[in-house]
Amino acid sequence: MSDKQNENSSQTWLGTPLQDMYKGQGPWCFSTTPIIPSKYHHILYELPATLKEPPQPHYNSQPKHWEDDYVRMPYSSHSLFLVNQNGEEVIKPRWEVICEALTKPINSVEELQNAINSYNNKLPKFTALHHFFHDVLEEEETQHFFTNILPKIIELALCLPEYIPGSIPLLRKNHTTSVSFSQLQVAALLANAFLCTFIWRKETAPTYPGVNFIKLFTANERVKRQSCVAEKLKCIIHYFRRVTSKSPVGVITFKRKFVPRNYMPRWDTLDNNLGNTRIHVASSGTIEEGLGLLQVDFANKFIGGGVLSYGCVQEEIRFVICPELIISRLFTEELGDSEAVVITGIERFSNYSGYADTFKWDGNVNDETPFDDYGRRKTTLAVIDATRFSKPKDQFHCSTILRELNKAYVGFNSKEKENLAPVATGNWGCGAFKGDPNLKSLIQLMACSAACRDLVYYSFGNTDLRDEFYNFHLFLANNKVTICQLWRYLCRFCAANLSQDKLYSFVQQCHFDMKSQPTLKQFLCFSTQKRKTDVAVPSTSSGEDEIKSKKNSPNSKTSQNDEIQSGADADVKSPRAKSVTHKKYSSLPITTEQKASKKPHVSSAEIIQIIDLMDGKVQKPKEDCEELTLLSEVDKLKKSSAQESSVCEGKNGQEVTEIPMEVDDEEETSKPVGFIEDKKRKITDYFTKMTNHVNSYL
């Protein structure tokens with residue numbers, strides 16, 4: 001075997017090389033969002049960040065430490081605590097109680113638990129923390145923690161009033177808001193979270209995940225997860241060892257993005273060619289290794305998921321190797337369907353191996369990522385939560401596909417329109433949430449195309465997924481499939497009642513079936529010929545794109561280039577895939593032939609019926625003319641028809657046309673032709689009413 005053949009056989013990626021994704025300028029060449037103080041961007045340090053030392057904290061003239069829209073700080077004068085003093089119950093400032101408890105010598109895990117219980121009572125026993133110090137760490141390591149590391153954590157925590165004298169806004173639902181911290185401010189907040197000093201707020205507890213480490217300290221009931229809980233504690237302690245020995249000098253921005261429903265893309269009208277979105281599909285590597293890219297966090301709607309309990313998969317692992325992410329749980333409300341969080345400037349502190357039950361801390365990492373002009377490391381994370389499915393088939397309903405498309409778009413889109421970094425992602429929501437990798441890869445491809453970004457996809461060792469997704473992208477590129485076309489094909493898949501592994505084959509066949517259908521222009525041409533020459537025009541069948549007539553008109557001519565082979569047997573070739581053999585997808589168990597019509601011609605009455613159909617005058621079709629193609633007759637005609645519109649009043653009193661988003665039947669029904677219904681969900685509850693620009697919301 002030649003060296004070139006050996007190289008091809010050992011290659012773990014397909015598509016565009018990463019150096020081309022980087023435009024030949026390396027991973028740090030992409031644009032970043034600026035830090036500008038505004039009503040919607042709260043900056044808690046003094047500008048600019050020089051990177052020579054930690055930025056100075058910003059002081060508010062009237063700090064809001066106990067307001068509803070802000071984090072209730074533990075040192076606030078409004079934070080009071082009932083203590084027993086000399087047999088009497090006395091109300092004291094809670095911060096005073098915290099300082100008194102933590103300044104006493106703490107030499108064991110038992111003493112640490114007692115100290116925390118003195119200002120945060122009714123806590124369960126710290127069983128996981130006891131197991132960690134008594135059974136996991138060596139005695140020497142335990143002694144080093146209580147002698148050297150814990151005192152520094154306490155000192156850092158008690159400096160909170162000095163480091164953050166200002167107000168931390170809550171990133172609430174349905175609002176686009178940003179907040180920027182220095183890394184040292186984040187470290188002080190995390191030290192307080194480790195010592196469980198933050199107040200539990202009953203009114204916000206159901207919608208905020210919480211940042212105190214209590215659940216992690218007590219996560220010892222699941223025997224299989226005892227090891228990974230201990231390894232997560234190693235990551236956390238290593239982080240504190242680093243930041244207390246040398247103060248970090250960078251800054252971090254947390255941005256909550258919200259896009260209203262009527263500002264979302266119209267997926268049924270976007271004509272972006274999916275082949276123009278470059279892809280790099282790798283079976284090796286991880287998302288956090290996508291340097292300079294927009295890295296996707298497979299999030300829970302409560303940011304961080306189970307990072308402070310038993311969870312130890314993609315999101316939780318990312319949060320413990322970059323612990324600065326954990327502080328987002330303090331002020332980020334649960335995510336809605338049209339919301340995402342983008343975090344810029346985080347530093348990685350730990351290496352790791354394994355996954356879930358096999359996860360292990362694997363030593364220190366010196367993050368050499370360069371800083372941008374605003375003092376942030378050029379690492380950006382897009383936090384998007386997938387839908388959890390109890391029945392995997394539910395994810396193929398058009399309403400749920402629409403939700404995932406919108407969610408990914410919010411995470412990927414940017415106010416900056418030039419020089420955007422590609423998206424680094426993978427099998428989003430395909431683990432415990434039971435998502436299908438084939439579907440999720442297409443959804444993220446469509447969202448990248450709409451957001452004008454390229455796509456770097458990590459299949460996590462799945463070489464079959466790598467090859468199939470790459471080959472399918474070649475099919476989309478060579479056939480110039482657009483977003484709106486793929487949207488319609490995906491909406492049809494559920495009604496086809498096929499297994500999930502047939503998705504790519506179905507879309508192929510669906511596309512060729514669509515191309516073989518007569519258009520409205522051809523029908524009108526037939527009608528004209530019928531009146532003038534009385535020439536019979538036979539109906540077309542699936543897999544053919546010819547119109548035969550005894551007399552040709554300029555409008556009815558077709559070329560040989562319009563003839564196309566069936567999708568099941570199509571051999572897609574591309575100059576980019578010289579050494580890649582395109583996979584021929586298996587044929588589908590779907591009948592694509594039309595039933596033989598009793599009338600061999602398109603009569604005038606049928607033409608009138610078609611025009612009435614497009615004008616909204618729906619009539620029940622004759623049974624002998626019913627078609628069994630992949631595409632319904634309505635969809636064949638609707639493509640070039642004028643849609644009915646209703647008029648509503650716009651923002652300035654002007655009339656605005658409402659155009660319903662085009663969706664497809666998901667169930668076979670006996671409704672008249674032209675009737676669109678989703679039995680499981682009302683699609684009109686999800687889609688937009690009009691197309692607008694989104695820049696003002698992102």
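The values are calculated or read from the model by the stated rules, or taken from the named source; none is laboratory data. Because the structure is a prediction, the values reported are computed rather than measured. Glycine also receives a Cβ, built like all others from the backbone with ideal geometry; neighbour counts cover every protein chain displayed. Areas reflect the complete protein model, heavy atoms only, side chains present, ligands, DNA and RNA absent. Shrake-Rupley method; radii C 1.70, N 1.55, O 1.52, S 1.80 Å.
Can you find a residue that is more than 28 Å from Lys415 (Cβ to Cβ) and either β-branched (Val, Ile, Thr) or under 38 Å from the mean Cα position of the chain (by Cα) (or both) anywhere in the range 84-96?
Initially, the range 84-96 is screened for residues more than 28 Å from Lys415 (Cβ to Cβ), giving 84-96.
Those still in the list that are either β-branched (Val, Ile, Thr) or under 38 Å from the mean Cα position of the chain (by Cα) (or both) too: 90-91.
Yes: one or more hits.
State all residues of the range 355-380 that are hydrophobic (A, V, I, L, M, F, W, C) and not in a loop (DSSP other than H, G, I, E, B); if no residue qualifies, say none. Spell out how you get there, then give the answer.
Taking the range 355-380 first, the residues hydrophobic (A, V, I, L, M, F, W, C) are 356, 359, 361, 365, 371.
Ala356, Trp361, Phe371, listed by residue number.
If we scan the range 441-449, do we find a residue that is assigned to a helix (DSSP H, G or I), open to solvent by 20 Å² or more (accessible area, probe 1.4 Å) and β-branched (Val, Ile, Thr)? Explain how you work it out, then say what you get.
Step one: of the range 441-449, the residues assigned to a helix (DSSP H, G or I) are 441-449.
Then drop every residue that is not open to solvent by 20 Å² or more (accessible area, probe 1.4 Å), which leaves none.
So far as the range 441-449 goes, no, none of its residues is assigned to a helix (DSSP H, G or I), open to solvent by 20 Å² or more (accessible area, probe 1.4 Å) and β-branched (Val, Ile, Thr).
Could you tell me whether the range 139-159 includes any residue that is surrounded by 14 or more Cβ atoms within 10 Å (Cβ to Cβ) and under 19 Å from Gly210 (Cα atoms)?
There is at least one residue in the range 139-159 that is surrounded by 14 or more Cβ atoms within 10 Å (Cβ to Cβ) and under 19 Å from Gly210 (Cα atoms).
For a quick check of your reading of the model, give me the residue pairs whose first member lies in the range 257-271 and is more than 19 Å from Cys398 (Cβ to Cβ) and of a type in the set (S, T, N, Q), whose second is open to solvent by 20 Å² or more (accessible area, probe 1.4 Å) and modelled with pLDDT under 95, with beta-carbon atoms closer than 6 Å and at least 6 apart or on different chains.
none
Among the numbered criteria (1) under 30 Å from Phe145 (Cα atoms); (2) in contact with a Leu (Cβ under 9 Å, 6 or more places away or on another chain); (3) open to solvent by 10 Å² or more (accessible area, probe 1.4 Å), which one does Val223 miss?
For Val223, the exception is condition (2).
Name the one entry in Thr147, Thr142 that is of a type outside the set (A, V, I, L, M) and in contact with a helix residue (DSSP H, G or I) (Cβ under 6 Å, 6 or more places away or on another chain). Give the derivation first.
Values: Thr147 fails: in contact with a helix residue (DSSP H, G or I) (Cβ under 6 Å, 6 or more places away or on another chain).
Selected residue: Thr142, the only one of Thr147, Thr142 that is of a type outside the set (A, V, I, L, M) and in contact with a helix residue (DSSP H, G or I) (Cβ under 6 Å, 6 or more places away or on another chain).
Residues that are surrounded by 24 or more Cβ atoms within 10 Å (Cβ to Cβ), at pLDDT 95 or above, over 17 Å from the mean Cα position of the chain (by Cα) and β-branched (Val, Ile, Thr): does the range 294-301 have at least one?
no
Restricting attention to helices (runs of 4 or more DSSP H) lying wholly within the range 82-149, give those where 2 or more residues are within 15 Å of Leu195 (Cβ to Cβ).
Details: elements: 94-102, 109-119, 127-131, 139-144.
Counting at least 2 such residues, we get 94-102, 109-119.
Given the condition touching a strand residue (DSSP E or B) at 6+ places or on another chain (Cβ under 9 Å), more than 13 Å from Ser167 (Cβ to Cβ) and open to solvent by less than 90 Å² (accessible area, probe 1.4 Å), answer yes or no: does some residue in the range 65-81 qualify?
Yes, the conditions are met somewhere in the range 65-81.
Could you check, for the range 451-461, whether at least one of its residues is open to solvent by 20 Å² or more (accessible area, probe 1.4 Å) and part of a helix (DSSP H, G or I)?
Step one: filter the range 451-461 for residues open to solvent by 20 Å² or more (accessible area, probe 1.4 Å), giving 452-454, 460-461.
Within this subset, residues satisfying the condition of being part of a helix (DSSP H, G or I) are none.
No, the range 451-461 contains no residue that is open to solvent by 20 Å² or more (accessible area, probe 1.4 Å) and part of a helix (DSSP H, G or I).
Would you check which residues across the range 490-501 are assigned to a helix (DSSP H, G or I) and either open to solvent by less than 30 Å² (accessible area, probe 1.4 Å) or over 14 Å from Lys440 (Cα atoms) (or both) and list them?
At the first step, the residues of the range 490-501 found to be assigned to a helix (DSSP H, G or I) are 490-496, 500-501.
Selection gives Leu490, Cys491, Arg492, Phe493, Cys494, Ala495, Ala496.
Would you please name the residue that is farthest from Glu416 (Cα to Cα), looking only at residues in the range 242-259 that are small (Gly, Ala, Ser) and assigned to a loop (DSSP other than H, G, I, E, B)? Walk me through how you get there before you give the answer.
Step one: filter the range 242-259 for residues small (Gly, Ala, Ser), giving 245, 247, 250.
Retained after the next criterion (residues that are assigned to a loop (DSSP other than H, G, I, E, B)): 247, 250.
Details: Ser247: 32, Gly250: 22 Å.
Taking the candidates together, the pick is Ser247.
Residues of the range 337-346 being buried (at least 24 other Cβ atoms within 10 Å of the Cβ) and assigned to a loop (DSSP other than H, G, I, E, B), which ones?
Residues satisfying the conditions are Gly345, Ile346.
Report, by residue number, each residue of the range 381-402 that is touching a Gly at 6+ places or on another chain (Cβ under 6 Å) and in a loop (DSSP other than H, G, I, E, B).
Listed by number, the list holds a single entry, Ala386.
Kindly indicate which of Glu368, Glu334 is closer than 20 Å to Arg172 by Cα and open to solvent by 20 Å² or more (accessible area, probe 1.4 Å). Walk me through how you get there before you give the answer.
Values: Glu368 fails: closer than 20 Å to Arg172 by Cα.
Answer to the selection: Glu334.
Which condition from (1) touching a strand residue (DSSP E or B) at 6+ places or on another chain (Cβ under 6 Å); (2) under 24 Å from Arg329 (Cα atoms); (3) open to solvent by 60 Å² or more (accessible area, probe 1.4 Å) is the one that Ile91 breaks?
Only one criterion is unmet by Ile91, namely (2).
Assess whether Glu288 counts as being part of a helix (DSSP H, G or I), open to solvent by less than 10 Å² (accessible area, probe 1.4 Å), among the charged types (D, E, K, R) and out of contact with any Cys (no Cβ under 6 Å at 6 or more places or on another chain).
Values: part of a helix (DSSP H, G or I): yes; open to solvent by less than 10 Å² (accessible area, probe 1.4 Å): no; among the charged types (D, E, K, R): yes; out of contact with any Cys (no Cβ under 6 Å at 6 or more places or on another chain): yes.
Considered against the rule, which asks whether it is part of a helix (DSSP H, G or I), open to solvent by less than 10 Å² (accessible area, probe 1.4 Å), among the charged types (D, E, K, R) and out of contact with any Cys (no Cβ under 6 Å at 6 or more places or on another chain), Glu288 comes out as no.
Which number in (1) within 15 Å of Thr218 (Cβ to Cβ); (2) over 38 Å from the mean Cα position of the chain (by Cα); (3) aliphatic (A, V, I, L, M) marks the one condition that Ala115 misses?
Against the list (1) within 15 Å of Thr218 (Cβ to Cβ); (2) over 38 Å from the mean Cα position of the chain (by Cα); (3) aliphatic (A, V, I, L, M), Ala115 comes up short only on (1).
Would you please list the contacts, defined by Cβ atoms under 8 Å and residues six or more apart or on different chains, that run from a residue in the range 483-503 that is β-branched (Val, Ile, Thr) and modelled with pLDDT of 95 or more to a residue that is part of a loop (DSSP other than H, G, I, E, B) and open to solvent by 10 Å² or more (accessible area, probe 1.4 Å)?
Cβ pairs passing all conditions: Ile483/Leu270; Ile483/Asp271; Ile483/Asn272.
How many residues are modelled with pLDDT under 95 and among the aliphatic types (A, V, I, L, M) if we restrict to the range 180-210?
2
Determine if the range 182-196 includes at least one residue that is on the phi < 0 side of the Ramachandran plot and open to solvent by 30 Å² or more (accessible area, probe 1.4 Å). Full working, then the answer.
From the range 182-196, those on the phi < 0 side of the Ramachandran plot are 182-195; that's our starting set.
Applying the additional criterion that residues be open to solvent by 30 Å² or more (accessible area, probe 1.4 Å) yields none.
Taking every residue of the range 182-196 in turn, none turns out to be on the phi < 0 side of the Ramachandran plot and open to solvent by 30 Å² or more (accessible area, probe 1.4 Å).
Just name the residue that is nearest to Asn276 (Cα to Cα) out of those in the range 1-17 that are at pLDDT 95 or above and not in a loop (DSSP other than H, G, I, E, B). It would help to see each step written out before you state the result.
Initially, the range 1-17 is screened for residues at pLDDT 95 or above, giving 13-17.
Next cut, not in a loop (DSSP other than H, G, I, E, B) only: 13-15.
Numbers: Trp13: 19, Leu14: 16, Gly15: 13 Å.
My answer is Gly15.
Residue-wise test of (1) hydroxyl-bearing (Ser, Thr, Tyr); (2) on the phi > 0 side of the Ramachandran plot.
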{"position": "Ile384", "(1), (2)": "no, no"}
{"position": "Ser390", "(1), (2)": "yes, no"}
{"position": "Glu404", "(1), (2)": "no, no"}
{"position": "Tyr409", "(1), (2)": "yes, no"}
{"position": "Lys417", "(1), (2)": "no, no"}
{"position": "Thr425", "(1), (2)": "yes, no"}
{"position": "Gly429", "(1), (2)": "no, yes"}
{"position": "Pro437", "(1), (2)": "no, no"}
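Mind listing whichever residues of the range 472-489 are part of a helix (DSSP H, G or I) and either within 19 Å of Gln395 (Cα to Cα) or open to solvent by 10 Å² or more (accessible area, probe 1.4 Å) (or both)? If you could, list the steps in order and put the result at the bottom.
Within the range 472-489, the first condition is being part of a helix (DSSP H, G or I), and the residues that meet it are 472-478, 483-489.
Selection gives Ala477, Asn478, Ile483, Cys484, Gln485, Leu486, Trp487, Arg488, Tyr489.
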